[in-house]
Amino acid sequence: MDNTLEYATTPLALASLVAILVIGLLRVLTTGKNNALNRMITHYGFTLVLLFGVIGNGVYLFDSYQSSETLIIGTVVDKENGKYLARAQVDTGGHARGMTSDTGDFVLAIPKSRIADQYQISASLDGYKRQITTINNEAKMFVRFELEEIALDFDTAMQVADTRLIIGHYLGLPDLQIQIKFSNPLTSQIVFKDLQVDVVSPSGNSRRLVQFTASVDSYSPPLPPIPNIFVAPSKAEQFLFRFLQYDLQSHQLAMTAQASLQSDPNFQLRGPQIGSHLLSQEFTEKLESSMNSSWFWESGNSTINVSANIDGETVKFTRVVSISPDQVEAMKASSDYYQDGFGIYPRVNLAPVGSAIPGHQIESSAL
């Protein structure tokens with residue numbers, strides 16, 4: 001009905017004007033000749049003009065009724081500080097919808113054809129709880145929304161998606177991989193820091209592991225250790241962290257061995273060869289002693305405690321890795337690689353030695 005005036009009212013008005021001109025012309029032509037014909041033309045002609053006028057005005061009034069609007073005026077503010085909220089979505093459930101201005105104001109125009117006795121109006125904005133209110137249809141309708149910010153749920157902000165123990169990696173010690181998802185439902189950036197992993201063996205022996213590398217996922221290239229995770233508003237990030245059980249002394253020994261191997265002409269020419277000893281006996285004994293002193297894995301259920309700091313709050317998760325005696329022996333056997341220097345040199349694929357299978361994974365389960 002939006003174009004009723006254009007397609008109906010204007011033609012009717014033109015028809016009325018034409019009828020008046022025709023009637024006037026006929027009256028001039030019949031004046032003094034046939035009074036009966038003159039009266040008939042006048043009577044029916046002006047009746048026709050009156051009919052056109054009534055129809056045109058009726059169409060105009062109906063179109064005006066259909067196109068008129070009822071206005072709902074309101075504002076959206078932050079409940080805590082009274083700050084006006086811009087670009088908040090406002091909806092009346094199918095009658096009308098809109099968005100607040102930079103000053104937090106909104107105007108919803110409801111056509112007459114959609115007017116109802118009541119309206120359920122909602123206001124929503126990222127980082128805030130959606131609010132719904134009901135108002136009755138009145139001549140003047142004003143609504144004020146006071147939205148509450150979504151509080152950070154620490155249990156869902158950081159979630160451990162996957163934890164598994166990888167056998168036979170750096171210095172022959174297990175590599176703990178943890179996949180963590182960080183979510184931010186707020187309108188401001190949040191920071192996750194102090195990510196720590198502690199492992200407690202079945203006998204109660206506790207050890208804090210060291211973050212070795214991180215990556216966006218299992219297929220991405222490794223990154224240096226990440227001390228802080230920054231998550232943008234209304235976003236989620238996921239990382240795969242690697243934690244290792246080495247101490248500083250073992251790490252320094254491995255770095256010394258790498259430098260020694262890379263400067264050895266025979267090693268530069270042939271590379272690592274299965275069965276050949278790349279390290280001296282004295283160095284091998286030092287490395288083996290260091291690894292044995294760092295060892296604390298036992299058969300049974302080892303508890304993995306994960307924690308991080310989020311906006312001053314500590315979030316903790318617990319996982320359990322069940323290790324069989326055979327798996328412990330396989331993990332210890334992997335140290336044989338390092339007596340020959342293979343595990344120390346980077347980018348070298350390790351061949352199986354005895355029951356040790358490098359890369360074998362032991363999955364964890366939730367406590």
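Each value in this text was obtained by applying a stated rule to the coordinates, not by laboratory testing. For clarity, every value in this text was computed on a predicted model and none was experimentally measured. A quick note on method: Cβ atoms are made from the backbone with ideal geometry, for glycine too, and the neighbour counts reach across all protein chains shown.
General observations
- The stretch 69-147: relative contact order as a whole-number percent, Cα under 8 Å and 6+ apart: 37
- Placing unit charges on the Cβ atoms of the charged side chains and taking the dipole of the stretch 69-147 about its Cα centre, the candidate lying farthest along the positive direction among 143, 121, 77 is 121.
- The spacing between the stretch 206-243 and the stretch 109-161, judged by their C-alpha centroids, is 37 Å.
- Once both labels are positioned 7 Å from their Cα atoms along Cα-to-Cβ, the gap between residue 133 and residue 153 label points is 2.7 nm.
- Structure note, pairs 112/140; 79/181; 83/193: Cα-Cα distances above 19 angstrom occur for 79/181; 83/193.
- Segment residue 235-residue 124, length gained on full extension (0.36 nm per residue, minus Cα span): 38.2 nm
- Stretched out straight at 0.36 nm per residue, the stretch from residue 269 to residue 194 would grow longer than its current Cα-Cα span by 22.6 nm.
- Full extension of the segment from residue 316 to residue 288, taken as 0.36 nm per residue of separation minus the current Cα-Cα distance, would add 6.6 nm.
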